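Undergrad: Quick one: the structure is below, questions incoming.
The values are calculated or read from the model by the stated rules, or taken from the named source; none is laboratory data. Bear in mind the structure is a predicted one, so any value in this text is a computation, not a measurement. Here the Cβ positions follow ideal geometry from the backbone for every residue, glycine too, while neighbour counts run over all protein chains shown. Just so you know, the surface numbers come from the protein's heavy atoms only, side chains and all, with ligands and any DNA or RNA stripped out. Shrake-Rupley method; radii C 1.70, N 1.55, O 1.52, S 1.80 Å.
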Amino acid sequence: MAISSTLHLLLLSLSLLSLLSSSIALIPKPNSFILPIAKDPKTLQYSTTIKMGTPPKSLDLVIDIRERFLWFECDKSYNSSTYQPIQCGTKKCKQSKGTECITCTNHPLKTGCTNNTCGLSVFNPFDELFVSGDVGEDVLSSLRTTNNRGIFKNVNAPHFISSCVYQDKFGVPSFLEGLSKGKKGILGLAKTLISLPTQLATKFKLERKFTLCLPSSSKNNGLGSLFIGGGPYHLGSSKDDFSKFLTYTPLIANRHSTGPIFDNSPSTEYFIKVNSIKVDNSVINYNSTLLSINRFGGGGTKLSTVIAHTKLHTLIYQPLVNAFVKKAEIRKIKRVKGVAPFGACFDSRTIGKSVTGPNVPTIDLVLKGGVEWRINGANSMVKVNENVLCLGFVEVGLENLGGLEPSFVIGGHQLEDNLLEFDLVSSKLGFSSSLLLNKASCSSFRRF
């Protein structure tokens, strides 16, 4: 009888183990994680939503490819049971490049207000304000994932490192000035060990790459996508993988720190090399040395998701505008008075329409490797009122010549409805130019 009972228990255990193994096998390894991207029509900022802590708390965060890590304001409502502060001097503090050791005085200890805690200088890019933030670990929950057989949900990433800013600790009204209404912090995507792409790729053994598809509008729930870990990239009902439309150029290393914290480390931002600029296939003349990174780390071309419109050094901006205006005249496009901050504006009633937006002269960036990134009307022009469209580039003054600032900053408007793949291992940027050419947009990605 005892032998029979033991055999029965053994068979039952094997059966349960087999069932569990089958269940695990049905859960495929994720190829990538997908986060939705919304555009705020007033601030023109791009944001996404994550869930952090236990119980999970939704956090709306502005996306910044320059920022080194995820930071958020942990007010009194954030009281996670799984939050663990990272102590000063530990390996994780060094990985985070902690700059100080924080002690919380005159306040009850809570999330974001603990003693002997690794601290980081947290930067608000819109208010240009620094404060100290605690470095801690918590659960990043309900991450949506994709794989070759479809999409499944609710994957958690434990021990995710971020920085928590406890507002009351500093006695300031809010550290969130300048962020879109309701946004609680910044999602950093820079080339660091604790950025979102690096942490998720390490935890889930994914490719170290992320892909942005910024929407031109969030009307009618038109959301873009942030992919962590690579493709495939499917649009709407299409079975095509849109990675086939990507062209690649190297990401350029800048050996000098470019902020927001200036130290002796190389820049963690994303630079590309622009060799020349064309307007309607004609190369423009400008001081080409400005598009090389100088001995101070300034100059060159970088990408930004927190600057709404592309900024150009005046010695590049003026030749570009002059060439664009001449080509527009050939098309009988009427120029009108400029509307700040734009210098070249036109009567929209004299501009035709095309599949890629207003039918205006094209702008081509000829990049390292000889490849070309075309900027069509949807990305070059900005509607400022019912009858006026302006060239969406902003002039930066002569005072930056030879300084620390880049000469060319490609802003969010010029990146919209372009598929942009940042490969952090091969150090290259994949870009599609306008998806509108393929009758698609960033708002048509197939998600959940």
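Undergrad: Taking 0.36 nm per residue of separation and subtracting the Cα-Cα distance, what length does fully extending residue 347 through residue 203 add?
TA: Result: 46.6 nm gained on full extension.
Undergrad: Note down the nm distance, to one decimal, between modelled labels 7 Å out along Cα→Cβ at residue 262 and at residue 91.
TA: Simple spin-label model gives 3.5 nm for this pair.
Undergrad: Restricting to bridges with both residues inside the chain, how much of the DSSP beta-bridge set is antiparallel, in percent to the nearest 5?
TA: 85 percent
Undergrad: Out of all DSSP beta bridges with both ends in the stretch 297-441, state the antiparallel percent to the nearest 5.
TA: DSSP beta bridges in the stretch 297-441 are roughly 75 percent antiparallel.
Undergrad: What is the set of long-range amide H partners of residue 381 at a cut-off below 5 Å, with H atoms built 1.01 Å from backbone N?
TA: HN-HN under 5 Å from residue 381: 392.
Undergrad: So if R0 is 41 Å, what FRET efficiency would residue 289 and residue 248 give, r being the distance between their Cβ atoms, rounded to the nearest 0.05?
TA: 0.95
Undergrad: Work out how much length residue 193 to residue 76 would gain on full extension: take 0.36 nm times their residue separation and subtract the Cα-Cα distance, in nm to one decimal.
TA: Residue separation times 0.36 nm, minus the Cα-Cα distance, leaves 39.2 nm.
Undergrad: Between residue 329 and residue 42, what is 0.36 nm times their sequence separation minus the Cα-Cα distance? Round to one decimal in nm.
TA: 100.1 nm
Undergrad: Further question: Determine how large the accessible area of residue 278 is when every protein chain is in place; take a 1.4 Å probe and give Å² rounded to the nearest 10.
TA: Taking all protein chains as shown, residue 278 has close to 40 Å².
Undergrad: Further question: Using the Cα atoms of the stretch 188-295 to build a convex hull, what is its mean projected area in square nanometres?
TA: Value for the stretch 188-295: 10.7 nm².
Undergrad: So for the stretch 44-117, what percent of the C-alpha to C-alpha distances run longer than 16 Å?
TA: For the stretch 44-117, the fraction of Cα-Cα distances above 16 Å is 60 percent.
Undergrad: Still on this structure, please answer the following. Which stretch or stretches of the stretch 366-395 have amide N atoms under 19 Å from the point lying 7 Å from residue 282's Cα along the Cα→Cβ direction?
TA: Label zone hits: 366, 375-377, 391.
Undergrad: Over the chain, average the accessible area per residue using a 1.4 Å probe and give it in Å², no decimals.
TA: Per residue, the chain has an accessible area of 46 Å².
Undergrad: To the nearest 0.05, how large is the calculated FRET efficiency for residue 240 and residue 84 if R₀ is 51 Å and r is the Cβ-Cβ distance?
TA: With R0 = 51 Å, the Cβ-Cβ based efficiency is 0.70.
Undergrad: Roughly how tilted is helix 314-330, in degrees to the nearest 10 and between 0 and 90, from the longest Cα axis of the chain?
TA: So the inclination is approximately 60 degrees.
Undergrad: Carbon-plus-sulfur fraction of the accessible area of the chain, 1.4 Å probe, in percent?
TA: Of the solvent-accessible surface of the chain, carbon and sulfur hold 54 percent.
Undergrad: Specify which labelled value, from (i) 0.98; (ii) 1.14; (iii) 1.03, agrees with Rg/Rh (Cα atoms, Kirkwood Rh) derived from the coordinates of the model shown.
TA: Given (i) 0.98; (ii) 1.14; (iii) 1.03, the calculated one carries the label (iii).
Undergrad: I've got another one for you. Classify the stretch 259-342: rounded, prolate or oblate, from the alpha-carbon gyration tensor (a ≥ b ≥ c, eigenvalue square roots; a/c under 1.5 rounded; otherwise prolate if a/b is larger than b/c)?
TA: Prolate, because a/c is 1.5 or more and a/b exceeds b/c.
Undergrad: Follow-up question, since we're still on this one. From the helices alone, meaning DSSP H stretches of at least four residues, give me the mean residue ellipticity at 222 nm for the chain, per-run term -39500 (n - 2.57), in deg cm²/dmol to the nearest 500.
TA: Theoretical 222 nm ellipticity from helices: -4000 deg cm²/dmol.
Undergrad: Turning to a different aspect of this structure: Mind listing the long-range amide H neighbours of residue 375? Cut-off is under 5 Å, sequence gap 5 or more, other chains count too, H placed in the peptide plane at 1.01 Å from N.
TA: For residue 375, the qualifying residues are 363, 364, 365.
Undergrad: Still on this structure, I have one more. If I build a Gaussian network model for the chain, linking alpha-carbon pairs within less than 10 angstrom, which residue out of 339, 62, 306 has the largest mean-square fluctuation?
TA: Result: 339 has the largest fluctuation of those listed.
Undergrad: Here are some pairs, 183/219; 278/302; 57/383; which of them have Cα atoms lying more than 28 Å apart in this structure?
TA: Too far apart for the 28 Å limit: 57/383.
Undergrad: Further, regarding this structure: Would you please report the Å³ per residue occupied by the convex hull of the alpha carbon atoms in the stretch 340-418?
TA: Hull volume over Cα atoms, normalised by residue count, gives 120 Å³.
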